[in-house]
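K.L.:
So that we are looking at the same thing, I have put the structure below in structure tokens.
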Number of protein chains: 2
Amino acid sequence: MRISSSSEKTFLEKVFAADGFSEHDGSLLADTLVDADLRGISSHGIQRLAWYTSMIKEHIIEPKNKVKVLKETPTSLLIDANKNMGQIASAFAMNSLIEKTKKLGISLAVIRNSNHFGTAGYYARLAAKQGLIGIALTNTRPLVVPTNATEAFLGSNTFAFTFPADPHPFVFDGATSIVSSGKIQVLAKNNKPIPGDWAVDDQRHVVSDAQKVEDNLAKVAFTEDEPGGGVLTLGGLLEQNSNYKGFGNSLVVELLTGILAQGSISADTNKPGKHDFSQFFLTINPELFGDLEDLKQSATKMFDRIRHLKHVAGTHIMIPGDREYKHYDENLKQGVVIDDKTAKELETIGKDTHVTVPKAI
Amino acid sequence: MRISSSSEKTFLEKVFAADGFSEHDGSLLADTLVDADLRGISSHGIQRLAWYTSMIKEHIIEPKNKVKVLKETPTSLLIDANKNMGQIASAFAMNSLIEKTKKLGISLAVIRNSNHFGTAGYYARLAAKQGLIGIALTNTRPLVVPTNATEAFLGSNTFAFTFPADPHPFVFDGATSIVSSGKIQVLAKNNKPIPGDWAVDDQRHVVSDAQKVEDNLAKVAFTEDEPGGGVLTLGGLLEQNSNYKGFGNSLVVELLTGILAQGSISADTNKPGKHDFSQFFLTINPELFGDLEDLKQSATKMFDRIRHLKHVAGTHIMIPGDREYKHYDENLKQGVVIDDKTAKELETIGKDTHVTVPKAI
């Protein structure tokens, strides 16, 4: 079914208020989920609500806790998210960095003791809106199997990068692994097979049954069981297809998040009392080097040339962000898609919090 | 054959002096090539000398030109390499950034009007030696075919990243494409087939004949012919294996080099009078966030745990940098490997410059 994004926003704000979040924080959380659904990134939209709700019940998320700044310099911030949602510390960090970068041209923040922060692209786009280059990274629960390994250790560590351009900024936003676990979740929810070499079992054999992978990942990521297997790095199954480069990219994110923030690394977020994620943000003012409009024009021209390269018949060449901005415009009119399983979860949440669930349009 | 790295260094310094480089610059150039050979990255070692020499003759490289600083702030540098070798502007940039970052915690530089700069890792390691996080990027000639495209546009844009650790820093250094074109060159030289999905023809069909690919890449990268085909992005042939992520990573490097430096983008470096590469460097002081020794220990412990994960029998799990530091120690004792074709090229260069070629050991 589809629901209007405005009814989704209202519903989420009311649920988050019932969960104990402040009006400001609840509104931000709702905005990040609605934004993801509008952009067609349903893996990071309202389908996460049931998971968020259960983490609040388990006190993994503490909705009333305030963000703490632990260390600050003119170019940097070390932040404690204080077990509240990642969105809250992350938006605070990015807004602070935008101010710092307007003064000194570049700044960065790391956050520890955080939770899931929605899409990384959301924060990188905050920088883009101000004409800045934005970078957002997070580690996650352990899901990803390094090159040659048969057990998960790395997170599906995410990398988002924005650069000013027209008609929309360049927005690259994705897991450094071959896919985010959310994509497998969505396939499992819809009873569909995995179409590529995305996940392996404890013998490092590719598995295409999405539900089987999802069941295994639930153990791998959320328990101290070590059943083996997990999601592959970008590059896939084989070393000869350079899957060690995907492994390297994941490690770069791990170093800049869990290690630099002195939080847990992904591998330890499933240990008792350890469920903290870490995040990293960086902004650069391109005007350190040239005129913003000139740089925007150069980037825009390059993207247009790429979109028109010769290509395989029946396909399109899209620049990172093209698909999401297209979905955004469409879904704003048509409403956002809610799958059946999520619809049922929303009914339960609506009953528990006494909030009316949006009707299908 | 093998030659001692010290005789390689002396030979290169004398050749670069004969080419017109200053003693300082020649010594730096020699050091970057010997360093690559010691680390087993022979594609970026002395085998490049013949290519460098021909570019000097064609005035693509101007050995006497001085680096110019076009714009400077406490956190940034915009540099004109002035058509001299990329190594010279890059080492200058990284050494300046190290000073800036010791003051303000983070700084970045972009270079335009540059040439090949050797391995990206060389500069990132300069930062690591000072206890800093280092990043080095470059664009290249057009070699890489975007997702769904049938013609090359992107460079095999390189990304190097270092983070302090023991017994050696984490050093990730590689092309954002599935492989660097140098790997295909080496297979062609040895008459071996390509073992993975690395390159495609003008119909986007995978080609495994290395010589055929190499012949095509010579046209794609060095002429204005548009024969179609090229190297694939990380993720390989298929969109369902997320090859658009490799495409995204390549574009990120293109934006931070050619676009931000206002030089040529990779796609235009084969146009007449356009052979300029652009480079990007960034350094971060991890002490903005915590004690350097503590952070080093955390990184080191994580790497050790990864090295000992369960894995497929007969394989090893290696952390980025492990292989290169092992080669370094071995080759310092045994000498560096020179292939037959390069050995012949060195004989010619030796005669032309009246420099004695190192003897095999």
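K.L.:
Please state the relative contact order of chain A as a whole percent: Cα pairs under 8 Å, 6+ residues apart?
P.N.:
23
K.L.:
If the label for A:Glu72 sits 7 angstrom from Cα along the Cα-to-Cβ line, what are its distances to the same label in every other copy, in nm to one decimal, shortest first?
P.N.:
Label point to label point, same position, other copies: 3.1 nm.
K.L.:
While we're looking at this one, here's another question. Semi-axes, largest first, in whole Å: what does sqrt of 5 times each Cα gyration tensor eigenvalue give for the stretch B:196-271?
P.N.:
22, 19, 8
K.L.:
A further question follows. If I histogram all Cα-Cα distances within the stretch A:1-116 using bins 5 Å wide from 0, what percent of pairs lands in each bin?
P.N.:
Using 5 Å bins, I get a P(r) of 2, 12, 20, 20, 17, 14, 9, 5, 1, 0 for the stretch A:1-116.
K.L.:
Give me the net charge for the shell around A:Glu62: Cβ to Cβ below 11 angstrom, other residues only, Lys and Arg +1, Asp and Glu -1.
P.N.:
+1
K.L.:
So, one more: Placing +1 at every Lys and Arg Cβ and -1 at every Asp and Glu Cβ, with all other atoms neutral, what dipole size does chain A have around its Cα centre, in debye to the nearest 20?
P.N.:
440
K.L.:
Round to a whole angstrom and tell me the spacing of the C-alpha centers of the stretch A:307-334 and the stretch B:258-337.
P.N.:
With the stretch A:307-334 and the stretch B:258-337 each reduced to a Cα centre, they are spaced 33 Å.
K.L.:
Quick check: net charge around B:Lys83, other residues with Cβ under 15 Å of its Cβ, Lys/Arg +1 and Asp/Glu -1?
P.N.:
Combined, the nearby Lys, Arg, Asp and Glu give 0.
K.L.:
Taking the stretch B:165-246, which GluC sites (Glu not before Pro) meet the DSSP loop condition and have no more than 10 other C-beta atoms within 10 Å?
P.N.:
The qualifying sites are B:Glu224.
K.L.:
Straight-line reach from B:Lys14: which lysines fall under 22 Å, measuring Cα to Cα and dropping same-chain residues less than 8 apart?
P.N.:
Counting by Cα, and skipping residues close in sequence, B:Lys14 has these lysines nearby: B:Lys57, B:Lys64, B:Lys66, B:Lys83, B:Lys341, B:Lys344, B:Lys351, B:Lys359.
K.L.:
Tally Lys/Arg at +1 and Asp/Glu at -1 over every other residue whose Cβ is under 9 Å from the Cβ of B:Phe277; what's the total?
P.N.:
Value of the local net charge: +1.
K.L.:
From largest to smallest, what semi-axes in whole angstrom does the stretch B:150-260 give when each is the square root of 5 times an eigenvalue of its alpha carbon gyration tensor?
P.N.:
Semi-axis lengths for the stretch B:150-260 are 25, 17, 14 Å.
K.L.:
Work out from phi, with θ = phi - 60° and the Karplus expression 6.51 cos²θ - 1.76 cosθ + 1.60, the ³J(HN,Hα) of each residue of the stretch B:207-214, listed in order in whole Hz, and give x for Gly and Pro.
P.N.:
In residue order, the calculated couplings are 10, 10, 7, 4, 5, 4, 5, 4 Hz.
K.L.:
Turning to a different aspect of this structure: Just counting partner chain Cβ atoms within 10 Å, what average do the residues of peptide A:250-261 show around their Cβ?
P.N.:
Across the residues of A:250-261, the mean count of other-chain Cβ atoms within 10 Å is 6.
K.L.:
Got the B:Glu58 label distances to the other copies yet, label 7 Å along Cα→Cβ, in nm, shortest first?
P.N.:
6.0
K.L.:
So, one more: Between copies, how far apart are the A:Lys271 label points? List them in nm, one decimal, shortest first, with each point 7 Å from Cα toward Cβ, please?
P.N.:
5.5
K.L.:
For chain A, set up a Gaussian network in which alpha carbons nearer than 10 Å are linked by springs, and say which option among A:Asp291, A:Asp31, A:Asp322 fluctuates the most.
P.N.:
A:Asp291
K.L.:
At 10 °C and a viscosity of 1.306 mPa s, what translational diffusion coefficient does Stokes-Einstein give for chain A, taking Rh as the Kirkwood radius over Cα pairs? Give it in µm²/s as a whole number.
P.N.:
Answer, rounded: 76 µm²/s.
K.L.:
Quick one: if the Förster radius is 45 Å, what FRET efficiency do B:Val206 and A:Lys57 give, using the C-beta to C-beta distance and rounding to 0.05?
P.N.:
Step by step, r from the Cβ atoms, then E = 0.35.
K.L.:
More than 14 angstrom separation, counting every C-alpha pair in the stretch B:94-136; what % is that?
P.N.:
47
K.L.:
For a quick check, take a GNM of chain A with Cα springs below 10 Å and name the residue from A:Thr162, A:Thr269, A:Thr348 with the largest mean-square fluctuation.
P.N.:
Its mean-square fluctuation being the largest, the pick is A:Thr348.
K.L.:
Can you pull the mean other chain C-beta count within 10 Å for peptide A:265-274?
P.N.:
Per residue, the number of nearby Cβ atoms from other chains is 1 on average.
K.L.:
Averaged over B:147-153, how many beta carbons belonging to a partner chain fall within 10 Å of each residue's beta carbon?
P.N.:
Mean inter-chain Cβ contacts per residue within 10 Å come to 6.
K.L.:
While we're looking at this one, here's another question. In nm, what is the difference between 0.36 nm times the number of residues separating B:Lys189 and B:Gln297 and their Cα-Cα distance?
P.N.:
Going from the current span to full extension adds 34.6 nm.
K.L.:
Can you tell me the Rg and the Dmax, both Å, for the Cα atoms in the stretch B:221-355?
P.N.:
Here Rg and the maximum Cα pair distance are 21.8, 56 Å.
K.L.:
So how many Å³ per residue does the convex hull of the Cα atoms of the protein assembly as shown work out to?
P.N.:
Measuring per residue, one finds 141 Å³ for the Cα hull of the protein assembly as shown.
K.L.:
Another question, if that's okay. Under the Karplus relation 6.51 cos²θ - 1.76 cosθ + 1.60, θ = phi - 60°, what is the ordered set of whole-Hz ³J(HN,Hα) values for the stretch A:263-273, x standing for Gly and Pro?
P.N.:
Here the 3J(HN,Hα) series is x, 7, 7, 3, 4, 9, 6, 9, 7, x, x Hz.
K.L.:
Based on the Cβ-Cβ distance of B:Ala360 and A:Val312, what FRET efficiency does E = 1/(1 + (r/R0)^6) give at R0 = 60 Å, to the nearest 0.05?
P.N.:
Result of the calculation: an efficiency of 0.75.
K.L.:
Amide H to amide H under 5 Å from B:Ile106: which residues, 5+ apart in sequence or cross-chain, H placed 1.01 Å off N in plane?
P.N.:
The answer is B:Asn285.
K.L.:
Quick one: 3J(HN,Hα) in Hz for the stretch A:232-238, Karplus 6.51/-1.76/1.60 with θ = phi - 60°, rounded, Gly and Pro as x.
P.N.:
7, 6, 4, x, x, 6, 9
K.L.:
To one decimal place, what orientation-averaged projected area in nm² is obtained for the convex hull of the Cα set of the stretch B:277-334?
P.N.:
Mean projected area of the Cα convex hull: 7.6 nm².
K.L.:
Would you pull out the residues with amide H under 5 Å of A:Leu143's amide H, same chain only if 5 or more places away, H placed 1.01 Å from N?
P.N.:
A:Phe153, A:Leu154, A:Gly155, A:Ser156
K.L.:
Still on this structure: Using r as the Cβ-Cβ distance of A:Lys341 and A:His24, and R0 as 30 Å, what FRET efficiency do you calculate, to the nearest 0.05?
P.N.:
Here the calculated transfer efficiency is 0.45.
K.L.:
Mind jotting down the distance between the C-alpha centroids of the stretch B:67-114 and the stretch A:23-48, whole Å?
P.N.:
41
K.L.:
Something else now. Under 8 Å for C-alpha pairs, at least 6 residues apart: give me the relative contact order for the stretch B:198-237, rounded to a whole percent.
P.N.:
47
K.L.:
Another question about this same structure. Limiting things to C-alpha atoms, what are the Rg and the maximum Cα-Cα separation (Dmax) for the stretch A:61-109, in angstroms?
P.N.:
11.3, 34
K.L.:
Treating the beta-carbon of each Lys and Arg as +1 and of each Asp and Glu as -1, no other charges, what is the dipole magnitude of the stretch A:62-168 about its Cα centre, to the nearest 20 debye?
P.N.:
Dipole about the Cα centre, nearest 20: 340 debye.
K.L.:
Which residue, A:Asn270, A:Asn243, A:Asn95, tops the fluctuation ranking in a GNM of chain A built on C-alpha contacts under 10 Å?
P.N.:
A:Asn95
The numbers here are math on the coordinates, done by the rules we state, and not lab data. What you are looking at is a predicted structure, and each value in this text was computed from that prediction instead of being measured. We place every Cβ from the backbone using ideal geometry, glycine too, and count neighbours over all the protein chains shown.
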